[in-house]
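Q: Dumping the structure here so I can ask a few things about it.
The values are calculated or read from the model by the stated rules, or taken from the named source; none is laboratory data. Since we're looking at a predicted model, the values are computed, not measured. Here the Cβ positions follow ideal geometry from the backbone for every residue, glycine too, while neighbour counts run over all protein chains shown.
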Amino acid sequence: MLIMGALGVIVAGVIVGFLLTKTPLSKKIAGISSTPAMINTENEVGSTDTQTFRDTATGTVESGGLNGEGTHKLLREGGSSQTVYLVSSIVDLEQFTGKKVQVWGETVKGQKAAWLMDVGRIKILE
């Protein structure tokens with residue numbers, strides 16, 4: 001009788017543990033996150049991760065960075081002081097050269113560039 005009770009407690013514990021790992025709350029508590037979805041349409045490419053890529057800017061993409069910072073730049077209204085220098089390991093920025101776009105990214109510290117952004121998503125506006 002004692003052995004059957006112990007086995008019942010063990011089985012119940014395994015079942016409860018399994019069910020708890022499948023709930024969204026347990027994933028938040030454990031620090032487990034699901035992989036964000038990717039967008040890949042004719043006008044928009046990149047990650048839907050709005051936690052990481054929360055900064056946004058709009059302008060025209062041009063090739064070239066600033067003294068080694070960035071592979072491209074985003075020219076915005078207001079002149080050169082408003083330029084955003086861009087890098088990305090997710091999006092091929094070259095295919096957007098010459099196009100007016102909106103970018104979502106994470107601002108990173110640059111040595112020379114006033115605003116350096118790691119682009120996670122880009123959308124063609126015109």
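Q: Which one is surrounded by the most Cβ atoms within 10 Å (Cβ to Cβ), of the residues in the stretch 86-102 that are touching a Lys or Arg at 6+ places or on another chain (Cβ under 9 Å) and modelled with pLDDT of 95 or more?
A: Among those residues, the one meeting the criterion is Leu86.
Q: If the requirement is being surrounded by 10 or more Cβ atoms within 10 Å (Cβ to Cβ) and either more than 23 Å from Trp104 (Cβ to Cβ) or at pLDDT below 85 (or both), which of these qualifies: Thr71, Thr56, Thr60, Thr23?
A: Of the residues listed, the single one that is surrounded by 10 or more Cβ atoms within 10 Å (Cβ to Cβ) and either more than 23 Å from Trp104 (Cβ to Cβ) or at pLDDT below 85 (or both) is Thr23.
Q: In the stretch 79-126, how many residues are touching an Asp or Glu at 6+ places or on another chain (Cβ under 6 Å), closer than 15 Å to Leu66 by Cα and hydroxyl-bearing (Ser, Thr, Tyr)?
A: Residues that pass the stated criteria total 1.
Q: Filter the stretch 77-109 down to the residues that are in a strand (DSSP E or B) and of a type in the set (D, E, K, R), then identify the one that is nearest to Ile124 (Cα to Cα).
A: Looking at the filtered set, the residue picked out is Lys100.
Q: Would the stretch 35-46 turn up any residue that is assigned to a loop (DSSP other than H, G, I, E, B) and at positive phi?
A: no
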